[in-house]
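So the structure is just underneath, and the comments pick up after that.
The values are calculated or read from the model by the stated rules, or taken from the named source; none is laboratory data. Remember, predicted model here, so these are calculated numbers, not experimental data. For neighbour counting, all protein chains shown are included, and Cβ atoms are generated from backbone atoms with ideal geometry for every residue, glycine included.
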Amino acid sequence: MELQQTTLKDCFILKPRIFQDERGFFSETYNKNTFKETTGLDIDFVQDNQSSSTYGVLRGLHFQKGPMAQSKLVRVVKGKVLDIVVDIRKDSETFGKHFSIVLDDVEQKQLFVPRGFAHGFVTLSETSVFAYKCDNFYDKTSEGGISYKDATLQLDWHLPEEALIISEKDQQLPTFKEAIL
């Protein structure tokens, strides 16, 4: 497994080894020992989540607050998404900055999203299956979010506004300043 640093503190890309032949491919998507050896982090992932989306579906930007904050290891099982993370840790040198990456089922890169980050993605292919590991359990009372069209962050979702499919809940999310400051 290869580790690449992103422009955000503590957030990085993991590229697994993929073994291909005429039958298809094999890759190890997660191994606790390899993850610890590669990243230096001893994380206990306790919950796996998976979603299926169609073209243009945007989910996010979501996070959990306080003691229920979550680190995530995200990947695409099928299709292609644009994944965006925002550092919302007020004491971080990269506070308020964001990073985006296209994740797909071809390169099979994974993104490690540390606690204290908002996270969202939009499906760029006809359909996508998105999977992620969390190091803390979901807690409805701890959930938070930031508007996908926040003027301060100026995120580029790679699709025109009219192509986006967004839940009513996500359309009501507050601005970065309202949610964080």
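A count restricted to the stretch 47-67 and to residues that are among the small types (Gly, Ala, Ser), over 17 Å from ASP150 (Cβ atoms) and either surrounded by 19 or more Cβ atoms within 10 Å (Cβ to Cβ) or under 14 Å from the mean Cα position of the chain (by Cα) (or both) stands at 2.
Checking GLU178, GLU168, GLU162 one by one, the residue that is exposed (fewer than 12 other Cβ atoms within 10 Å of the Cβ), under 20 Å from PHE95 (Cβ atoms), modelled with pLDDT of 95 or more and not polar (S, T, N, Q) is GLU178 and no other. Quick one: in the stretch 38-55, of everything that is assigned to a loop (DSSP other than H, G, I, E, B) and out of contact with any Lys or Arg (no Cβ under 9 Å at 6 or more places or on another chain), which residue is farthest from ILE165 (Cα to Cα)? Only one residue fits best here, namely GLY40. When the criteria are applied in full, LEU14 fails the requirement of being of a type outside the set (Val, Ile, Thr) and in a loop (DSSP other than H, G, I, E, B).
Restricted to the stretch 135-147, and to residues there that are of a type in the set (Asp, Glu) and in a loop (DSSP other than H, G, I, E, B), the residue that is nearest to the chain's Cα centre (by Cα) is ASP135. Checked against the criterion of being surrounded by 19 or more Cβ atoms within 10 Å (Cβ to Cβ) and among the β-branched types (Val, Ile, Thr), the candidates ILE88, ILE18, ILE13 yield just one match: ILE88. Being at pLDDT below 95, closer than 19 Å to GLU37 by Cα and not basic (Lys, Arg) is the filter here, so list the residues in the stretch 11-23 that pass it. The answer is PRO16, ILE18.
Every condition in (1) charged (D, E, K, R); (2) in a loop (DSSP other than H, G, I, E, B); (3) within 16 Å of the chain's Cα centre (by Cα) holds for ASP150 except the one numbered (3).
Taking residues in the stretch 1-27 that are closer than 22 Å to ILE43 by Cα, and partners anywhere that are part of a loop (DSSP other than H, G, I, E, B) and of a type in the set (Ser, Thr, Tyr), the pairs with Cβ atoms closer than 7 Å and at least 6 places apart or on different chains are LEU8/THR94; LYS9/SER92; LYS9/THR94; PHE12/THR6; ILE13/THR6; PRO16/THR29.
Being of a type in the set (D, E, K, R), buried (at least 20 other Cβ atoms within 10 Å of the Cβ) and farther than 17 Å from ILE146 by Cα is the filter here, so list the residues in the stretch 71-85 that pass it. Residues satisfying the conditions are LYS72, ARG75. Restricting attention to the stretch 91-114, which residues are crowded, with 21+ Cβ neighbours inside 10 Å and either more than 10 Å from the chain's Cα centre (by Cα) or of a type in the set (A, V, I, L, M) (or both)? Matches in the stretch 91-114: HIS98, LEU103, LEU111, VAL113.
When the criteria are applied in full, PHE137 fails the requirement of being farther than 21 Å from PHE25 by Cα and touching an Asp or Glu at 6+ places or on another chain (Cβ under 7 Å). Contact annotation: residue pairs with Cβ atoms under 7 Å, 6 or more positions apart or on different chains, pairing a residue in the stretch 82-107 that is more than 20 Å from LEU159 (Cβ to Cβ) and modelled with pLDDT of 95 or more with a partner that is aliphatic (A, V, I, L, M) and crowded, with 16+ Cβ neighbours inside 10 Å, are ASP87/LEU8; ILE88/ALA118; ILE88/ILE180; THR94/LEU8; LYS97/LEU8.
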